[in-house]
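These notes concern the structure reproduced below.
Only the coordinates and a few stated rules stand behind these numbers; no lab work does. In this text, all values refer to a predicted model and were calculated from it rather than measured experimentally. Here the Cβ positions follow ideal geometry from the backbone for every residue, glycine too, while neighbour counts run over all protein chains shown.
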Amino acid sequence: MARIRRTALVAALSVATVALSTTVALSTDLARPRPAAAAPPTAAVALGDSFVSGEGAGAYTPVVDVTGVAQPFPGWTAPNSNAFFCHRSANASLHQASLPGISARFNLACSGGQPQDIANPSANRAKGRQVAAQLDQLRAVGASHDIDLVLVGLGSNNSSFTFGNVAEKCANRFIADAWTGWWEFWAYLGGPVEQKPCADADLATAAQLNAATTETTDAVRQILTTLAEIDTDGQHRVVLQDYTNPLPFDLAPTYHSEDSRDDTRDKFRDLGAERYAAGCPIHRASLLPGHRFSQGLGTMVGAVRSTLAAEFPAADLVYLNVQRAFDAARLCESAGSPDGTLATPIRLQDGPNGTVVTSLAGKDKIAIQRIANTCVSYFQTCQESWHPNAAGHRVLGQCLTGAATATARAVTCVRSPDGTVTLG
């Protein structure tokens, strides 16, 4: 009996010793410092339309469409809705900017993008490209990266007007005026064709700009709300960039007249050919309305920033004004254009063949109409026209570099005649 009790006692002591050893081991293990979870890589993202996607800058990369397939260049006769024609460029300003601390950059913008494409697939609307909603693409980035910077270029295309239509309207009026008299157009097309310079209302009315401001504000609000949901550390700067006019306030004197004819005459083909070759087929009288249009877009972007800064007081929201970023380097601002300029000239193709028409000299009105119609039928053949080129995006990249670290809530980027870029 005593032996049994001693055996039981020994067993009990053994169990207690094991339990105590286990407890000590667990306590020691819990007390030992553990390595911290690795922070996700940081990212900068571009959202919006052609002025941030890199339209005009070349080096376009394949774009993933709504089915998840990466689309490379599909050929000149492919539908313009193909995702590739978002024209996301490796030379875009997002990739040109110096952004210390940023590990990866994602260009989610799409040429022709509109405010409604932020929350909805652009494939859902007429003339939209076959890509997913930009917010869905942003969420995918946020799942693997810490988003620290977002560049937004939005509003020049909307349900009231688009930059492409505005540019096409004013350029076509000049071309029609240069090559064909009013009576010829009446006889040839069976009705009058507008040939006068563009006025302010031809570009955007006050009501249209107000509507565009509302649409753009709604879209950026959706961006800020989504960022608050997906960016776990809550630290990110959103830069709202406006637009740069590719044309000057007036053309250099060498482009004012040719063969003793200016653009107030009926027919001025030599002058038309000269301006087309230089990249600026436009009436001089259309230039100031064009700049007022650009300034209106700037006012719109500034208003969006002010409205949303009041709604999101903790948001790091900066307005980047780039309207003077191309000073002294716009198309036809100096002799020798388009060499040395920061924007792409208007360039067309005579059929979707990939060969750019650089000269209209000696062509009659039938050839001019055929060439112009290529742009209408195959917009990808001309959509690079009047956008920042690769050199222009390098300048815009410098503007973004400054805006990424500026303490001011509104930043103006100005290029000096010597090429120096300053922010103020």
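Structure values in brief
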quantity: Under the Karplus curve 6.51 cos²θ - 1.76 cosθ + 1.60, θ = phi - 60°, whole-Hz ³J(HN,Hα) for region 57-70, x wherever Gly or Pro sits; calculated: 9, x, 6, 6, 9, x, 10, 6, 8, 5, 8, x, 9, 6
quantity: Residue among 83, 303, 277 farthest towards the positive dipole end of region 42-423, charges placed on Cβ; calculated: 277
quantity: Relative packing of 197-208, 130-141, which averages over residues the other C-beta atoms within 10 Å, highest first; calculated: 130-141, 197-208
quantity: Antiparallel bridges, percent of DSSP beta bridges restricted to the chain (to nearest 5); calculated: 30 percent
quantity: Kyte-Doolittle mean at least 1.0 and Cα axial length at least 27 Å: DSSP H helices in the chain; calculated: 2-31
quantity: Mean Cβ neighbour count within 10 Å, used as a protection proxy, ranking 73-79, 319-325 highest first; calculated: 319-325, 73-79
quantity: Total lysine pairs whose alpha carbons fall under 14 Å of each other in the chain (8 or more apart, or interchain); calculated: 4
quantity: Residue among 171, 70, 123 with the largest mean-square fluctuation in a Gaussian network model of the chain, springs linking Cα atoms under 10 Å; calculated: 70
quantity: Packing-based order for 84-96, 327-339, using average beta carbon neighbours within 10 Å, highest first; calculated: 84-96, 327-339
quantity: Relative contact order (%) - criterion: Cα under 8 Å, at least six apart; region: region 42-423; calculated: 21 percent
quantity: Sum of -39500 (n - 2.57) over DSSP H runs of 4+, divided by residues of the chain (222 nm, nearest 500); calculated: -12500 deg cm²/dmol
quantity: Placed amide H near residue 64: partners under 5 Å, 5+ positions off or other chain; calculated: 71
quantity: Distance between region 359-424 and region 209-285 - C-alpha centres, whole angstrom; calculated: 8 Å
quantity: Which label in (i) 1.07; (ii) 1.22; (iii) 0.98 gives the computed Rg/Rh (Cα atoms, Kirkwood Rh); calculated: (ii)
quantity: Placed amide H near residue 42: partners under 5 Å, 5+ positions off or other chain; calculated: 103, 104, 146
